[in-house]
1. Among (1) in a strand (DSSP E or B); (2) closer than 30 Å to T93 by Cβ; (3) without any contact (Cβ under 8 Å) to a residue 60 or more places away in the chain, where does M280 come up short?
2. What are the pairs with Cβ atoms under 6 angstrom where one residue, in segment 665-681, is touching a residue at least 60 places away in the same chain (Cβ under 8 Å) and the other, located anywhere, is of a type in the set (S, T, Y)? Sequence gap at least six, or different chains.
3. Having 3 or more residues that are charged (D, E, K, R) is the bar; report the helices (runs of 4 or more DSSP H) wholly within segment 338-413 that clear it.
4. In the list L602, L581, which residue meets the criterion of being without any contact (Cβ under 8 Å) to a residue 60 or more places away in the chain and either within 13 Å of the ligand (Cβ to nearest atom) or surrounded by fewer than 19 Cβ atoms within 10 Å (Cβ to Cβ) (or both)?
5. In segment 673-687, what residues are surrounded by 22 or more Cβ atoms within 10 Å (Cβ to Cβ) and of a type in the set (S, T, N, Q)?
6. Take segment 61-92 and flag every residue that is without any contact (Cβ under 8 Å) to a residue 24 or more places away in the chain and either within 16 Å of the ligand (Cβ to nearest atom) or assigned to a loop (DSSP other than H, G, I, E, B) (or both).
7. Filter segment 514-572 down to residues that are aromatic (F, W, Y), assigned to a loop (DSSP other than H, G, I, E, B) and either in contact with a Pro (Cβ under 7 Å, 6 or more places away or on another chain) or within 16 Å of the ligand (Cβ to nearest atom) (or both), then give me how many there are.
8. Quick one: count up the residues across segment 490-510 that are farther than 29 Å from D559 by Cβ and either part of a loop (DSSP other than H, G, I, E, B) or outside the structural domain of E582 (by TED's automatic domain parsing) (or both).
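The values are calculated or read from the model by the stated rules, or taken from the named source; none is laboratory data. Owing to the predicted nature of the structure, the values given are computational and were not obtained by experimental measurement. Positions of Cβ are backbone-derived with ideal geometry, glycine not excepted, and every protein chain shown enters the neighbour counts.
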Amino acid sequence: MITIVNQLRELSYNLYWSYNNDFFEIFEEINKDIWKWSQKNPVKFLASINNEYLLDVIEKKNLREKIYNIYRDFRKYLNEEKTYFNEKYYKATTPQFCYLSAEYGITKCLKFYSGGLGTLSGDHLKSASDLGLPLIGIGLAYSHGYLRQYINNENRQAELYEVHDFNFLPMILVLDEEYKPLKISISLPGREVFAQIWELSIGRVKLYLLDTFVDENDVEDKRITDILYGGDNEKRIQQEILLGIGGMKLLDRLGFNIKAFHINEGHSAFLCLERIKNAMKKFNLKFDEAKTLCYFSNIFTTHTPVPAGIDVFPKFLMEKYFKRFAEEECEISFDRLFEEGDLNRNGQNNNHFNMAYLAINNSQFVNGVSKLHSEIARKMWSLPPTRSQIVSITNGVHFKTYLAKASEKLFIKRFGKYWYKDENIWNRINEIPDEEIWQARVRNRKELIYYVRERISDKLKLAKASEERLAEVENLLDENALTIGFARRFATYKRGTLLFNNIDRLKQIISNPNYKIQFIFSGKAHPKDEGGKNLIAEIVSYSYDPIFKNKLIFIENYDIDVAKQLVSGCDLWLNNPRRPLEASGTSGMKVVANFGLNFSILDGWWIEGYNEINGWKIDSPEEENLPDYEVDKYEAESLYNTLEKDIIPLFYKRDERNIPIEWIQKIRNSVLTLAPYFNTERMVKEYNEKFYMRVK
Ligand SMILES: *Cc1c(COP(=O)(O)O)cnc(C)c1O
């Protein structure tokens, strides 16, 4: 009897569940309210109900077999011998590759991410697990995570920070040989700062997160890992020292002999310095000799051409934190160390230390995250011809994480329970009849609308809203209208309000009674980004304008769970960044397997993915150097035209069964041409074959 509870507990501690819908379903069936209250956290869920109740519900609702099947599949997955890596290379018994990132977006209850960089890191680990790569991840365990957004009375974003109780999350404190918490320490000016380590299991892959909230540290140092991207420059440098240098110390402490180090964005690049220091000691080398040695096993992925997205530290701060390190540990002058943060070491950095440059100067392999972005990066940072150049590995997404129930059920029905193991599955989309694709599409849209209604009514109930107001929410949005989504971080270059560029034009388009359309927006701005917050306020204000009533919704507190609902529920996914600032973008990839279509500026991944029949593009002016407002006007005009003339009529062009055959043809084209490529399985294989396995 009790074994089934133990199996559930075991499952709850492996984030395998975060990419398996049937697991979510079980908890929802056991008790939907507690599941919601736990923020979809099975560890907390199981801790809050007693075994008798649990067993009782399992019996009453006949869940025994379902749980057993998930458990059996999970064990099979963990013990699988025939993985991509094992088959192609060798069976590794210890970790060989280390991935370092400041953020990881894995599932709703682990708020260690702010946006696409984090979800990409999470997806990287999930696919590494699927493929059997001997890879581990390193990051920070933020006690207060990233901001929780709410919209205040002035329609503006305001922030709350929730405290994580790590003891009730799917993570386990790492213990040392004496069963005490294992700790590493880093030297900061005048003191040692300690960190304990949390281990997360993502299928076969382990992720280690460093946490400074330990007794040895004073109050300020305890707070080094409180908030992701919080605080000032000094806080940031402390976090990054912990991530890069502390991360390296942890690898040594755990005794891992890592072959390749993947620095995912510049935040973890101090790792390079710690590695050099270690190599100097171990092989009795000079700084530059050790640097050359380590260079061959570092890999750097750059994620943005936007300067504000790249960390730079002023010289005085670097001096405060690295002077002793340079002189005593590396036996070089501080100025020599400081040069590492300068590209080509030519003193053009204005007394700033650039983390991307540190990484570039110390990595054999450097890549951008789409073809276009890599080109831009090559122009931004011209490297000497004597070294390896910036290549491109286009981002992807881990489809199973973002797949809605209805889409997945259809794949199971047509292709069997293990449909996802077939690499060529997407080529079989034409085996699925139109009506079944359409049914899944409609189902996904409805689920999204129910989800939106529930979120809004939950909030109103908390605010003790009137019965009338609550009743209104029951009819919020139209289950049959063309539903368009826009959700991502509200960085200003993503132009969250381009849709409203010509408000009269937009009003005209949305007021056609035969062609109903509705928009759902979501996204957080960084707390210090007033520009981004202004955009949110503008959209929220429009959503209260009578003309947009029931046609425009802003969902508060965008997170990975809202993202999953949106990318699976929307018919059309809008993305309109200012070219060429969107390095890749990944949310548009997430819609593909859910039978959504993309409508985007030809930037980032979309210029690579778009082919005229698998979605739509927004045209950009040919003339260069136009002022921003001219570009916005031009692109908005293209957006309106395409929406009005092509997209909306196609969606409403129905056959006698009320099915939009030509729209579905676009969906087929989208799945056929995009799904096989824009996924992290392909991406991680590329990293493995082009970089990890080429490190000697
Ligand atoms: C996928 C995802 C993103 C990335 O969205 P882009 O459109 O690529 O910027 C950001 N946040 C969350 C929560 C996501 O799931």
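1. That leaves (1) as the condition not met.
2. T680/S127; E681/S127
3. Here the list reads 371-380.
4. L602
5. N679, T680
6. Within segment 61-92, N62, E81, K82, Y90, K91 meet the criteria.
7. 1
8. 1
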